[in-house]
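Engineer: Quick one: structure below, then a few questions.
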Amino acid sequence: MSSINDQLAQLQTDSLAKIEQVTTLLILEDIKTQILGKTGALTEILKGLKDLPNSEKPIIGQLANTVKTTLTTAIDSKRSYLEEEALASQLAQTTIDITLPGIAITIGKTHPITQTIDHIVSLCKQLGFSVAQGPDIETEYTNFEALNVPKNHPARDMQDTFYMKNGNVLRTHTSPAQIHAMTAQKPPIKIIVPGKVYRCDADVTHSPMFHQIEGLYVDKNVTFAHLKGTLEWLLKELFGKNQKVRFRPSYFPFTEPSTEVDVACFKCNGDGCSLCKKTGWLEILGAGMVNKNVFRHVDYDAEQFTGFAFGLGVDRIAMLKFGISDIRLLYENDIRFLKQF
Ligand code: PHE
């Protein structure tokens, strides 16, 4: 018994000294195998266990366990020490070159159309308008009939309107939102409706999908002067005092009297060019006093109430504001173009 006892004590002393001197993780793992591995020194010593009297076996076994634990702990703590040391030296060697240029982060921007809508909406809110919505798909009734657009009106022509198989249409203007709002609510009503509209048309100033903002104000004693004052203020806020603007008599089935508003072409400044089709002017909105026939369709008392409506062409206004001469640029989503706004 004493010999195994001594061997174990010797193994512990020798091993601790070896572990103490190790300088690399690789050597440490080697030593661990030599001492505690399946064919290592400890196993070798314990082979003598079977020759001992039974009474001594547990005592030696216990001693062997203590030695094993002591050595395992020593190896583990040496390993942590060496790992930390390795990391520290790696960090000390790695330096950061702060003179290298950084990677520029490009921040997304609001699309010019959205910017224009946001601007107009915030201006109209100052005048007490609240924002409403309408669907992109309308019935012929809401898109035309209820707005007093008769069956034979050219606006219903297959070339302008996108008809769906079931007879519904992609709204050709935001005006049907007037019908939805007035059927849902009694006067007074004061709303704007921004939205997408669709017409079968495409060139430098026309896109098959474009944007409008509808305005509707119905109350007692609303007059054309209110309409004119509202639009003049709005356009001045949008384009500044120096922008030339003209009100031109016009016709819409859903308003009477009606007007269209043009602004001087930003490209040729009124001289006439391809953008303004040689007229020197760009039409940006239609407006007028709500036609009594429309009131009839929504059960508003035309004797008691009057109202005005307008429909702003958002894309044209964005083109003017930002000096964009081809409407299609707004929909190509070329990052180089969009970055400029
Ligand atoms: N809906 C008309 C258009 O798209 C514009 C408009 C709206 C005219 C409201 C008068 C009143 O051209």
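Engineer: Identify the residue in the range 320-341 that is in a helix (DSSP H, G or I) and touching a residue at least 24 places away in the same chain (Cβ under 8 Å) and, among all such residues, is nearest to G240 (Cα to Cα).
Structural biologist: K321
Engineer: Show the residue pairs that are 6+ apart or on different chains and have beta-carbon atoms under 9 Å apart, the first residue being within the range 237-263 and of a type in the set (K, R), the second being in a loop (DSSP other than H, G, I, E, B).
Structural biologist: K244/N269; K244/G270
Engineer: Scanning for something in contact with a His (Cβ under 8 Å, 6 or more places away or on another chain) and in a strand (DSSP E or B), does the range 273-291 turn up at least one residue?
Structural biologist: no
Engineer: If I75 satisfies every condition in (1) assigned to a loop (DSSP other than H, G, I, E, B); (2) within 60 Å of the chain's Cα centre (by Cα) but one, which is the exception?
Structural biologist: Just one mismatch for I75, condition (1).
Engineer: Somewhere in the range 166-179, is a residue farther than 25 Å from M289 by Cβ, loosely packed, with under 14 Cβ neighbours inside 10 Å and within 14 Å of the ligand (Cβ to nearest atom)?
Structural biologist: Checked the range 166-179: no residue is farther than 25 Å from M289 by Cβ, loosely packed, with under 14 Cβ neighbours inside 10 Å and within 14 Å of the ligand (Cβ to nearest atom).
Engineer: Something else: In the range 128-174, which residues are of a type in the set (D, E, K, R), under 34 Å from the mean Cα position of the chain (by Cα) and assigned to a loop (DSSP other than H, G, I, E, B)?
Structural biologist: Residues satisfying the conditions are D136, D160, K165, R171.
Engineer: Looking at the range 243-261, which of its residues are over 24 Å from V121 (Cβ atoms) and either β-branched (V, I, T) or loosely packed, with under 14 Cβ neighbours inside 10 Å (or both)?
Structural biologist: K244, R246, R248, P249, Y251
Engineer: Counting only residues that are free of Cβ contacts under 8 Å to residues at least 24 places away in the same chain and of a type in the set (D, E), which one in the range 59-115 is nearest to L329 (Cα to Cα)?
Structural biologist: Within the range 59-115, the match that is nearest to L329 (Cα to Cα) is D97.
Table: residues versus (1) in contact with a Ser or Thr (Cβ under 8 Å, 6 or more places away or on another chain); (2) outside the structural domain of V121 (by TED's automatic domain parsing); (3) within 16 Å of the ligand (Cβ to nearest atom).
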{"site": "C268", "(1), (2), (3)": "no, no, no"}
{"site": "V298", "(1), (2), (3)": "yes, no, yes"}
{"site": "G311", "(1), (2), (3)": "yes, no, yes"}
{"site": "M319", "(1), (2), (3)": "yes, no, no"}
{"site": "N333", "(1), (2), (3)": "no, no, no"}
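Engineer: Test of understanding: among T223, T142, which residue is surrounded by fewer than 14 Cβ atoms within 10 Å (Cβ to Cβ), more than 30 Å from K277 (Cα to Cα) and hydroxyl-bearing (S, T, Y)?
Structural biologist: Just one listed residue meets the conditions, T223.
Engineer: Got at least one residue in the range 258-266 being within 16 Å of the ligand (Cβ to nearest atom), farther than 26 Å from Q115 by Cβ and modelled with pLDDT of 90 or more?
Structural biologist: Yes.
Engineer: A follow-up question, please. What is the one condition in (1) over 27 Å from Q304 (Cβ atoms); (2) out of contact with any Gly (no Cβ under 7 Å at 6 or more places or on another chain) that M182 does not satisfy?
Structural biologist: (1)
The values are calculated or read from the model by the stated rules, or taken from the named source; none is laboratory data. These numbers come from a predicted model, not from an experiment. Every residue, glycine as well, gets a Cβ built from its backbone with ideal geometry; the counts of neighbours run over all protein chains shown.
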